[in-house]
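The values are calculated or read from the model by the stated rules, or taken from the named source; none is laboratory data. Since this is a predicted model, take the numbers as computed values, not measurements. Please note: Cβ atoms are built from the backbone with ideal geometry, for glycine as well, and neighbour counts cover all protein chains shown.
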């Protein structure tokens, strides 16, 4: 019975651990590895000495994520082209109370902003502001003084607030953008799409050196619209378009006809006026293989 209870404790905490690990690492595969390593330590631990199981699991998982993040740093520095977080399927229902919070903490723009923080800033901010872990527990997890953890969170907030990535764009606006984007690609009619873009919009693609993709991001409305109409219109005409909620926002995937193969995933970032500031196109097949799975 005790083993069953311990397994149940871990399973109940697993979703939160996976969500924390994914936000720290930006990779679902690495997040699952961190959670699995946490489970192995939990299985071997003397659980009679653990007074707060969820706090213990969160500490172990966070520390493992920080180890993995340090190991991942070199590979991201040497990455071919632009590195983007692994996209995940996150169904959003209009009117759901936590929809805006989910959108704000899982968007690609938010995860890329976290990449600019130090590992401990990232962990401290996520633990406190997203998962509501109190400072004394964060201090124990990061093996720092509580005052140092408060400073980490304060510095992280400044960076994130400057990036303006934690606001929610109305779903109607997102759906309007998707329709205009599809029209621009499939028919070459780009006027409605261009009207929804900010003047300094950026477009980035991640091929991971595995498939053709832009090595550097495009900047500016004219360059982005030309690429979408001329390049994507030529190569994406025969793909099947599937609307999908990606990282807390409306997005889409393109599948190859007759095969269960996702060849691209497209997601967007918006400013507080609802204009598109960033377009993210994932082409790396290693990051597309499990996009149909649901993860929070």
(request) Kindly list, by first and then second residue, each pair from a residue in region 127-147 that is in the same structural domain as residue 63 (by TED's automatic domain parsing) to a residue that is outside any helix (DSSP H, G or I), limited to pairs with Cβ atoms under 6 Å and residues at least 6 apart or on different chains. (result) 127/133
(message) What's the number of the only condition in (1) surrounded by 13 or more Cβ atoms within 10 Å (Cβ to Cβ); (2) over 29 Å from residue 121 (Cα atoms); (3) at pLDDT 95 or above that residue 202 fails to meet?
(response) (2)
(request) Grab the helices (runs of 4 or more DSSP H) fully contained in region 72-166, keeping just those with 2 or more residues being surrounded by fewer than 20 Cβ atoms within 10 Å (Cβ to Cβ) and at pLDDT below 95. (result) 99-106, 146-163
(message) When you check residue 296 against the structure, is it within 25 Å of residue 163 (Cβ to Cβ), at pLDDT 95 or above and surrounded by 15 or more Cβ atoms within 10 Å (Cβ to Cβ), yes or no?
(response) no
(message) Going by what's in this entry, would residue 244 be described as farther than 23 Å from residue 106 by Cα and within 22 Å of the chain's Cα centre (by Cα)?
(response) no
(message) For the list (1) crowded, with 18+ Cβ neighbours inside 10 Å; (2) in contact (Cβ under 8 Å) with a residue 24 or more places away in the chain; (3) touching a strand residue (DSSP E or B) at 6+ places or on another chain (Cβ under 7 Å), I need the number of the one condition that residue 218 fails.
(response) (2)
